[in-house]
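Notes follow once the structure below has been shown.
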Amino acid sequence: PDGRSPLPASYQEGLSRLIDRGRLADAVRLFLREAVGMEEGAIAVMEESPAWAGLVAAAPSLPFDIAIQVEAGSGQALPAAFIDPIARAGTPVLLMRGDRSPAWLGRAAEAISGSLPGSRLVTLEGQTHDVRSESLAPRLLDFFS
């Protein structure tokens, strides 16, 4: 419940249609604009970054991300189908958020952490969603050691 309007049903259908037609870059643009809330100028900058090819390659997974985001963003408790398999696996979970990321991302990390027994939530100071490796590496080393 982050105060944003829910994604329209047509969004999910449109995203899947773009992926089915092989228009992966268009699907990523649609995701960034509609689901993430990025402005066109920021998307254009991302398209020029080395990360863009990876985002496009991962585009076929976007319908799964959106299915979870739509349900989890409803203001209801996180769905058991999302949480239970992770909790049953018993694998330690580290969630990280940047303190300069959009507030809705931080609330999402809090909700997931609050639903997963034994998870650890870390706030990375001075970081956005695009975390610098210098900030990330020490937290990962600590968690995995």
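The values are calculated or read from the model by the stated rules, or taken from the named source; none is laboratory data. Fair warning: this is a prediction, and the values are worked out from it, not measured in the lab. Positions of Cβ are backbone-derived with ideal geometry, glycine not excepted, and every protein chain shown enters the neighbour counts. We work out accessible area using only protein heavy atoms, side chains counted, and drop any ligands, DNA or RNA first. Shrake-Rupley method; radii C 1.70, N 1.55, O 1.52, S 1.80 Å.
Residues in the chain average 63 Å² of solvent-accessible surface per residue, probe 1.4 Å, ligands and nucleic acids excluded. Principal-axis analysis of the Cα atoms of the chain puts helix 103-115 at an angle of about 50° to the longest axis. Packing around the peptides 83-91, 111-119, taken as the average count of other Cβ atoms within 10 Å per residue, puts them in this order, highest first: 111-119, 83-91. Please identify, among A108, A27, A67, the residue showing maximal mean-square fluctuation in a Gaussian network model of the chain using a 10 angstrom Cα cutoff. Sorting by GNM fluctuation, first place goes to A67.
Among residues other than T123 with Cβ under 15 Å from its Cβ, the summed charge is +2 (Lys and Arg +1, Asp and Glu -1).
In this Cβ point-charge picture (+1 for Lys and Arg, -1 for Asp and Glu), the chain has a dipole of about 240 debye about its Cα centre.
From the list (1) 9.1; (2) 9.6; (3) 10.8, can you say which value of mean projected area of the Cα convex hull in nm² was derived from the structure given? Read-out taken from this structure: (2). Measuring nothing but protein heavy atoms, the accessible surface of the chain at 1.4 Å probe radius is 57 percent carbon and sulfur. Across segment 30-38, coupling constants 3J(HN,Hα) worked out from phi with the 6.51/-1.76/1.60 Karplus curve, θ = phi - 60°, read 4, 4, 5, 6, 8, 8, 8, x, 6 Hz, and Gly and Pro carry x.
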